[in-house]
Amino acid sequence: MARDRERRTSNELGLRELLRWSWRQLTSMRTALVLLLLLALVAVPGSVIPQEDVDSLKTSRWQDAHPTLTPIYEKLGLFSVYDSPWFAAIYLLLMVSLVGCIIPRTFVYWRALRARPPGAPRNLLRLPDHTTYTTDEDERTVLERATSVLKGRRYRVEPGEDSVASERGYLREAGNLVFHVSILVVLVGFAMGSLLGYKGGAIVVVGNGFSNNLTQYDDFVPGSLFQPEWMEPFAFDIEDFDVTWLTKGPAAGQARKFVSHLSYTESPGEEPKEYDLRVNHPLTIGGTDVFLIGHGYAPVITVRDGNGDIAYSGPTIFLPTDGSFRSFGVVKAADAKPESLALEGELYPTFAFDDGPYSAFGDAADPLISMVVYAGDLGVDDGRSQSVYVLDKSKAEQVTKADGSMFRLDLRPGQTMDLPEGRGSVTFERLERWNKIQISRTPGKLIALGGVSLALLGLIGSLYIRPRRVWVRTRRGEDGRTVVEIGGLDRSSGGDVAKELADIQAAMTAQRHDRDSTTSAATKEHA
């Protein structure tokens, strides 16, 4: 019985000690730094690998191009890094580690802040930095002058019988604490934005509008705790869109700046307001920011089927593939009779040909669409979600000419081409523009900004505040004069203590001369 009791007690103590040791390791500064570095490293895949919640089309293309890596990356959660359990685990461990670091250090700092400067060492001349001089003044007068000078230089002073102890630079540790608190504040701010906010995007054709509800978004990524009723009921119309193009230099043909002219209302029934939406100049409505992040072309294409009925008509979003706005797009006319039709190809805003077609300029100086035609089952009725920018060709056949050669549509605005075998016709009506709008609500952004500001203050304090101690001792020399010894100790690297001691000595000497001059002037005036 006694042995069993001892064994249980030993196991309990072992588990308790293990937990205590684990807690000490987790809350050490070294662990916090390792976790911070690890958080930065695991965020790298989120910047390198396409993320589903950022660009689903780019992600699907990457997955099609890398069929071997895709299953592995899906198991690791690399297509949604910031929503993965392992990223959240590192995030939470870092926050716990920082809290465990900050609280004990705060108590230690509080005790140090209330403590008095330590007394002078027995022999100040053994310190690395020291100086000495002699004076005719008595010891008490010299110590009083030393106290005055040190207080004037923002030292905390503790007078003694034959010495004065002083210390300054207490705020250096406060700067370190503020810096660590700032990291915690930034993490909390980002966590609030991820949990309570949302981010979405929509492509809006110029001349059309947008209302802030879920059905209007092309992609929408809500936070874990987000509620749809938190969305502000604003709406806007893109009245016009201006682009300035570069015409000279190596970047000729690219857009230099662009601006969307909006009319918007913050709630239904309000009087519309005007706003020029530019890059890095978002429209802020309540807690929501509206950004202009891109633009492109939307050719208006009309597809008529074999019966002459319109199976598809309207502006079609084409996505730019290079800086000259050469763009890729898909048209799906699923209602065409007798079989569904689809077009896939490219738009060249300023068509040119040199060893192949390309766009010579980003502006629509000579637009042309070049597309191939598919007929058959497009997979739009099988119940699976399908991107409007991806064409499922598994059950469709490419339309060819009567002799079996490739059939391609090459159309400029206003042109129409008939499809082979009486399948209908395609008309390129005109060219319109679209804007890529990003809308986000990040409740914790001001908290994160405050954390960054705190980090700067903490770094300034920890880098520029020099904690040091200075002692002044007096003793009577063999010749009856007072010997003054001044010693200093720098508690951080990079401080010039010798110069500090020289300045203190000079200030003490200058005070004596000022006193003597004042006394002499008073004596003459009295005489």
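Please give the peptides 314-327, 257-270 ranked by average Cβ packing (other Cβ atoms within 10 Å per residue), highest first, as a rough proxy for protection. List each step's numbers first, then the result.
On the way: 314-327: 19.0, 257-270: 15.1.
In descending order of packing, they fall as 314-327, 257-270.
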- Query: What residues qualify as long-range amide H neighbours of TRP245, i.e. H under 5 Å apart, gap of 5 or more or another chain, H built at 1.01 Å from N?
  - Reply: ARG256
- Decide, for the range 368-408, between rounded, prolate and oblate: order the square roots of the alpha carbon gyration tensor eigenvalues as a ≥ b ≥ c, take rounded if a/c falls under 1.5, and otherwise choose prolate if a/b is larger than b/c, else oblate. oblate
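Calculate the all-directions average of the projected area of the range 188-344's alpha-carbon convex hull, and give it in nm². Spell out each step's value before the answer.
Working: hull surface 52.9 nm².
Mean projected area of the Cα convex hull: 13.2 nm².
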- Computed over the range 107-180, the relative contact order (Cα-Cα under 8 Å, seq sep at least six) in percent reads 35 percent
- Note on the structure: Any residue on another chain or 5+ positions along whose placed amide H is under 5 Å from the amide H of LEU368 is listed here as TYR348, PHE351
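Rolling a 1.4 Å sphere over the protein heavy atoms, what is the accessible area per residue of the chain, to the nearest Å²?
Details: 29260 Å² over 527 residues.
That works out to 56 Å² per residue.
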- Membrane-span-like helices in the chain: DSSP H runs reaching 27 Å or more (Cα, own axis), mean Kyte hydropathy at least -0.5? 85-114, 171-196, 445-464
- Query: If you take the square roots of the eigenvalues of the alpha-carbon gyration tensor of the chain and sort them as a ≥ b ≥ c, do you get rounded (a/c under 1.5), prolate (a/b over b/c) or oblate?
  - Reply: prolate
- Task: Work out the charge dipole of the chain with +1 on the Cβ of Lys and Arg and -1 on the Cβ of Asp and Glu about the Cα centre, then indicate which of GLY152, LEU454, PRO349 is farthest towards its positive end.
- Result: GLY152
- Between the residues PRO50, GLY444, VAL372, the Cα farthest towards the positive end of the dipole of the chain, that dipole coming from +1 and -1 charges on the beta-carbon of Lys, Arg, Asp and Glu, is from GLY444
- Query: How large is ³J(HN,Hα), in whole Hz, for each residue of the range 326-341 in order, when computed from phi with the Karplus curve 6.51 cos²θ - 1.76 cosθ + 1.60 and θ = phi - 60°, using x for Gly and Pro?
  - Reply: 4, 10, 10, x, 9, 10, 10, 9, 5, 8, 5, 10, x, 9, 5, 10
- Sequence-separation-based contact order of the chain, relative, with Cα cut under 8 Å and 6+ spacing, percent: 18 percent
- Which of the peptides 136-142, 108-114 is most tightly packed, and how do the rest follow, judged by the mean count of other Cβ atoms within 10 Å per residue? 136-142, 108-114
- Starting from the Cα-Cα distance between SER224 and ILE103, subtract it from 0.36 nm times their residue separation and give me the gain in nm to one decimal. 40.6 nm
- Task: Positive end of the charge dipole of the chain (Lys, Arg +1 and Asp, Glu -1 on Cβ, about the Cα centre): tell me which of TRP86, TYR464, VAL108 has its Cα farthest that way.
- Result: VAL108
- Over the chain, the sum of -39500 (n - 2.57) across DSSP H runs of at least four, divided by residue number and rounded to 500 deg cm²/dmol, gives at 222 nm -11500 deg cm²/dmol
- So for the range 143-197, using the alpha carbon gyration tensor with a ≥ b ≥ c as root eigenvalues (a/c under 1.5 gives rounded; past that, a/b versus b/c decides prolate or oblate), I'd call it prolate
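Treat every Asp and Glu Cβ in the range 350-489 as -1 and every Lys and Arg Cβ as +1, leave all other atoms uncharged, and give the resulting dipole magnitude about the Cα centre to the nearest 20 debye. Let's see the in-between values first.
On the way: 19 positive and 18 negative charges, 402 e Å.
The calculation lands at about 1940 debye.
Leaving out ligands, DNA and RNA, and with a 1.4 Å probe, what % of the accessible surface on the range 23-146 is carbon or sulfur? Could the numbers behind the result be given before it?
Details: 4930 of 7680 Å².
Carbon plus sulfur share of accessible area: 64 percent.
The values are calculated or read from the model by the stated rules, or taken from the named source; none is laboratory data. A quick note: this is a predicted structure, and the numbers were derived from the prediction, not measured. Backbone-built Cβ (ideal geometry, glycine too); neighbour counts: all protein chains shown. Each accessible area value is taken on the protein alone, full model and side chains, heavy atoms only, with ligands, DNA and RNA left out. Shrake-Rupley method; radii C 1.70, N 1.55, O 1.52, S 1.80 Å.
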